[in-house]
Structure formats: C-alpha cells, structure tokens
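Peer 1: Quick one: the structure is below, questions incoming.
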Amino acid sequence: MEVDGAGLSVAARPDRRQRAHATDAVAALLDEQQFTLGEGPGIEAGASGGQVLVADVSAPAGASRWPMFAPVATAAGARAVFAFPLQAGAIRLGALTLYRAKPGPLTGEQVADAVTLCRTAVAVMLAAGWPPLNGAGSDQGAWPLGGPGEGRIEVYQATGMVAVQLGVGLQDAFAALRARAFSEGVPLARLARQVVDRRLRFHPDDFPDS
C-alpha cells in the first residue's frame with residue numbers, strides 16, 4: 001500500500017482503548033502518544049466513524065488540528081498519517097492508523113485497500129467474539145489481534161487510584177494523569193506503573209481547581 005507502518009487500536013468502550021498491533025516502533029509510538037495526549041488521527045477516526053487523511057502532518061493545518069500530536073509525529077518521522085475507523089454498523093470498535101515517512105496523499109486505490117483491511121480486521125474480531133455481547137467491556141477482555149497494549153491495564157488501575165487520591169471522577173483523574181505525563185515528558189504507561197506500585201501519589205493540593 002506504499003505506507004511505512006500501521007497501528008491497530010481497539011476499544012471496548014470509548015474510554016477503553018488498547019493497541020492490538022503495531023508494525024514497528026514508530027507506529028507503536030504514534031499510538032502511545034495519541035493515548036497519552038488524547039488527540040490524533042486514530043482518536044478522531046474512532047470517535048467520528050470517518051476517515052482522517054492528512055497528507056502532511058507538519059503543515060500548518062496539521063499543527064492546528066493536533067497542536068500536541070503533530071510535532072511529536074513529525075519528530076518521530078511520520079510526515080503523513082491516515083486513519084480509518086473499525087466499525088460494524090453503528091458499533092465502533094477502534095481504528096487503523098497508517099503513516100508514511102514522506103508527505104503525500106493516498107490514491108483512491110490505496111484508500112480502498114485500507115477500507116478492505118479494516119473490514120477484514122472487524123470480521124476477525126467479531127468471529128473471535130469481541131466485543132463481548134453483554135457489553136461488559138472488561139479490562140481483561142479478549143484481544144484476538146495480538147494482545148493489549150503494554151501498560152494500558154495499569155493506566156486504568158492508576159486512574160481509579162488517582163480518582164480516590166484527588167477525590168474526583170474518573171475523567172478528571174485520567175486528565176490529571178495525562179497532564180502529568182505530558183509535563184514530565186514520560187509515557188503514560190510508565191507514570192501509571194509508578195502510581196500502581198505506590199511510588200507516586202497525587203495530592204489534592206497540587207490541583208487547587210479540582
């Protein structure tokens with residue numbers, strides 16, 4: 001398809017995303033940074049159900065669209081990014097994100113190939129019984145395409161712990177985790193591991209507006 005790498009993320013619920021597969025280190029980094037920053041092509045495609053095709057992420061339009069993700073993607077060597085939703089009817093299961101080291105759009109044929117890949121991935125997921133029919137969306141659910149992204153379960157565990165420590169809801173706790181990871185320049189999973197291991201604690205005094 002003339003792209004340099006791809007990452008596949010799946011979601012049992014809107015707040016439960018896991019990396020099912022990444023073809024290389026750059027694709028894995030792009031997925032991890034989207035998870036940490038809360039923005040990017042895969043996040044957008046998964047939420048909207050539409051294709052996200054950006055021929056040059058370093059262009060002003062890309063920087064305006066994703067002010068935090070765009071410079072990270074460019075620094076990692078991804079100049080063009082393309083994301084396609086994984087969905088079955090009205091159910092959105094995740095997104096396929098492709099990247100290219102050189103800027104430039106996909107051809108119509110390449111877009112069609114990507115859509116076919118997404119349909120195949122969805123068929124495999126449904127055949128494997130994912131997502132659970134009861135809608136439980138368990139953190140330990142089945143991940144038929146290669147297993148959950150490293151550290152993601154710990155992120156959800158840490159979110160619950162931070163919520164208790166700060167006396168806030170899960171959304172605010174997750175935002176606090178993301179903000180700390182971004183400000184310290186560390187992967188979200190690494191920071192979460194520190195919280196779960198009780199080597200890091202969040203204090204309400206650090207968030208006077210919470």
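Peer 1: Name every residue in the stretch 177-199 that is surrounded by 15 or more Cβ atoms within 10 Å (Cβ to Cβ), more than 10 Å from Ala158 (Cα to Cα) and modelled with pLDDT of 90 or more, in order of residue number.
Peer 2: Correct list: Arg180 only.
Peer 1: Given the criteria assigned to a loop (DSSP other than H, G, I, E, B), over 27 Å from Arg92 (Cβ atoms) and modelled with pLDDT under 65, does Asp139 qualify?
Peer 2: Judged against the criteria, Asp139 is not a match.
Peer 1: Could you grab me the full set of residues in the stretch 167-176 that are surrounded by fewer than 18 Cβ atoms within 10 Å (Cβ to Cβ) and either part of a helix (DSSP H, G or I) or at positive phi (or both)?
Peer 2: Within the stretch 167-176, Gly167, Leu170, Gln171, Asp172, Ala175 meet the criteria.
Peer 1: Can you tell me which of (1) open to solvent by 50 Å² or more (accessible area, probe 1.4 Å); (2) outside any helix (DSSP H, G or I); (3) at pLDDT 90 or above; (4) more than 22 Å from Ala176 (Cα to Cα) is the one Gly7 doesn't meet?
Peer 2: Failed condition: (1).
Peer 1: Would a scan of the stretch 101-123 turn up a residue that is modelled with pLDDT under 80 and either open to solvent by 60 Å² or more (accessible area, probe 1.4 Å) or hydrophobic (A, V, I, L, M, F, W, C) (or both)?
Peer 2: Checked the stretch 101-123: at least one residue is modelled with pLDDT under 80 and either open to solvent by 60 Å² or more (accessible area, probe 1.4 Å) or hydrophobic (A, V, I, L, M, F, W, C) (or both).
Peer 1: Give the residues of the stretch 177-210 that are in contact with an Asp or Glu (Cβ under 8 Å, 6 or more places away or on another chain), part of a loop (DSSP other than H, G, I, E, B) and of a type outside the set (S, T, N, Q), sorted by residue number.
Peer 2: Pro187, the sole residue that qualifies.
Peer 1: Identify all residues within the stretch 73-87 that are touching a Cys at 6+ places or on another chain (Cβ under 9 Å) and open to solvent by less than 10 Å² (accessible area, probe 1.4 Å); write none if there are none.
Peer 2: Answer for the stretch 73-87, where residues must be touching a Cys at 6+ places or on another chain (Cβ under 9 Å) and open to solvent by less than 10 Å² (accessible area, probe 1.4 Å): Phe84, Leu86.
Peer 1: Considering the stretch 50-72 alone, what residues qualify as being touching a Lys or Arg at 6+ places or on another chain (Cβ under 8 Å) and open to solvent by 20 Å² or more (accessible area, probe 1.4 Å)?
Peer 2: Listed by number, the residues that qualify are Asp56, Ser58.
The values are calculated or read from the model by the stated rules, or taken from the named source; none is laboratory data. All values reported here derive from a predicted model rather than from experimental measurement. Don't worry about glycine lacking a Cβ; one is built from the backbone with ideal geometry, like all the others, and counts go over all protein chains shown. We work out accessible area using only protein heavy atoms, side chains counted, and drop any ligands, DNA or RNA first. Shrake-Rupley method; radii C 1.70, N 1.55, O 1.52, S 1.80 Å.
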